[in-house]
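In what follows, a structure is listed as structure tokens, so that the remarks can point back to it.
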Amino acid sequence: MFQRYQIQHQVHYGPTGRGYDPLSKMSRSEMVHRYENQQSRLRLLHDRYGSLLSYQDGDSFLDLGCGTGQNIRWLAGAFPQSCLCGVDTNRAALDLVRTVSSSEDIVLVERDLSEAESTSWLASKQYDHIIFSHSFSLMIGPSRYETRQMRSRLLEATKMAATKSIVILDDMSFETAPTIQPEQRTRGVVTEDLFVYFDGEQKWSVCMVPYEAGRALVATKHRN
Ligand SMILES: C[S@@+](CC[C@H](N)C(=O)[O-])C[C@H]1O[C@@H](n2cnc3c(N)ncnc32)[C@H](O)[C@@H]1O
């Protein structure tokens, strides 16, 4: 199952996959329409837990698996002085954000976050806030063991790179090991207890909160 969905995801979110199939054929006005009408899950979380997140205008944000900029669009409007970076594996999704967004303070990076090289890239960065919005559940390795190892490395790098907060908006469970939930023919999500990745952590406070679109893990870094 793990290997099957790992391969299927590369197809689903690849240049000809179902994930973003219509994007490369869109006119500019269709792109604008799509960009402007997207809903940000992060905004929904922020509406309810703004004081927990403590986002400030001028803080820097990194959105991992940013897609077509659902959260980036909201962040750019809500925090106009902030630098924003979005990472995604799908070039057409990033091109849509590049084409339509007006802000020069948005950096877009094409990367496969499941690759070891992306982990070292991430560990060398510094952002105040890092967000995985319905993308962490897509981080799948070829086996259950390798999925846990890869997700562990990715979150360790995220902890090194984040100076204030990490948010994971996603499907979650209380399973102690990564488990695949098939969703579509070419898409399955990994669910598990995400607290395991913060076990014994001295520098981070972690909580799970319900919000309008599901549940979110919010980790905030202690100030020294
Ligand atoms: C369900 S969409 C979520 C988009 C957006 N973050 C949101 O909240 O609506 C998942 C995104 O993760 C990206 N993605 C999936 N696997 C990835 C990987 N290994 N590396 C980088 N991005 C990935 C997909 O291309 C897609 O844009």
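Values quoted throughout were computed directly from the atomic coordinates according to the rules given, and no laboratory measurement underlies them. Quick caveat, the model's predicted, so the values are computed rather than measured. Methodologically, a virtual Cβ is constructed for each residue, glycine included, from the backbone with ideal geometry; neighbour enumeration extends over all protein chains shown.
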inquiry  = Give me, ordered by chain and number, the residues 5 or more places off ALA216 or on other chains with an amide H under 5 Å from its own placed amide H.
reply    = VAL209, TYR211
remark   = Here the relative contact order (percent) of segment 2-221, from C-alpha pairs under 8 Å and at least 6 apart, is 20
ask   = Which length gain, in nm to one decimal place, applies between ASP171 and HIS33 when the Cα-Cα distance is subtracted from 0.36 nm times their residue separation?
value = 46.9 nm
note = Among beta bridges assigned by DSSP with both residues in the chain, the antiparallel ones amount in percent, to the nearest 5, to 50
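State the antiparallel share, in %, of DSSP beta bridges confined to segment 89-196, rounding to the nearest 5. Spell out each step's value before the answer.
Details: 5 of 11 bridges.
Roughly 45 percent of the beta bridges in segment 89-196 run antiparallel, per DSSP.
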request  = Under a 10 Å cutoff between Cα atoms, tell me which one of GLY200, GLY14, GLY67 has the largest fluctuation in the Gaussian network model of the chain.
outcome  = GLY200
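As an exercise, use a Förster radius of 22 Å and the Cβ-Cβ distance of MET1 and ALA116 to find the FRET efficiency, rounded to the nearest 0.05.
On the way: r = 22 Å, r/R0 = 1.02.
The computed FRET efficiency comes out at 0.50.
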inquiry  = From the phi angles alone, apply the Karplus equation (6.51, -1.76, 1.60; θ = phi - 60°) to segment 91-108 and give each ³J(HN,Hα) in whole Hz, x where the residue is Gly or Pro.
reply    = 5, 5, 5, 5, 4, 4, 4, 4, 6, 9, 6, 8, 6, 7, 8, 10, 9, 10
request  = Find which of LEU96, ILE180, HIS46 sits farthest along the positive direction of the dipole of the chain, computed with +1 on the beta-carbon of Lys and Arg, -1 on that of Asp and Glu, about the Cα centre.
outcome  = ILE180
ask   = Modelled label-to-label distance, LYS203 and GLN10, 7 Å Cα→beta-carbon offset: nm?
value = 3.3
ask   = For THR119, THR163, what's the fewest-to-most ordering of other Cβ within 10 Å of each Cβ?
value = THR163, THR119
request  = Restrict the search to segment 90-175; then list the GluC sites (Glu not before Pro) that DSSP places in a loop and that have at most 14 other Cβ atoms within 10 Å of their Cβ.
outcome  = GLU104, GLU115, GLU175
note = Once amide hydrogens are built 1.01 Å from N within the peptide plane, the residues lying 5 or more places from VAL189 or on another chain with amide H under 5 Å from its amide H are GLN181, GLU183
query = Using every alpha carbon pair in the chain, what percent of pairs falls into each 10 Å bin from 0 up to the bin containing the largest distance?
reply = 8, 34, 39, 17, 2, 0
task = With only Lys, Arg, Asp and Glu charged, each at its Cβ (+1 for the first two, -1 for the last two), find how big the charge dipole of the chain is about the Cα centre; round to the nearest 20 debye.
result = 160
request  = Step through the residues of segment 195-208 one at a time and calculate ³J(HN,Hα) from phi using the Karplus curve (6.51 cos²θ - 1.76 cosθ + 1.60, θ = phi - 60°), rounding each to whole Hz and writing x for Gly and Pro.
outcome  = 4, 4, 6, 10, 4, x, 5, 8, 8, 10, 9, 10, 9, 10
Potential lengthening between ARG18 and GLU212 on full extension [0.36 nm per residue; Cα-Cα distance subtracted] = 67.2 nm
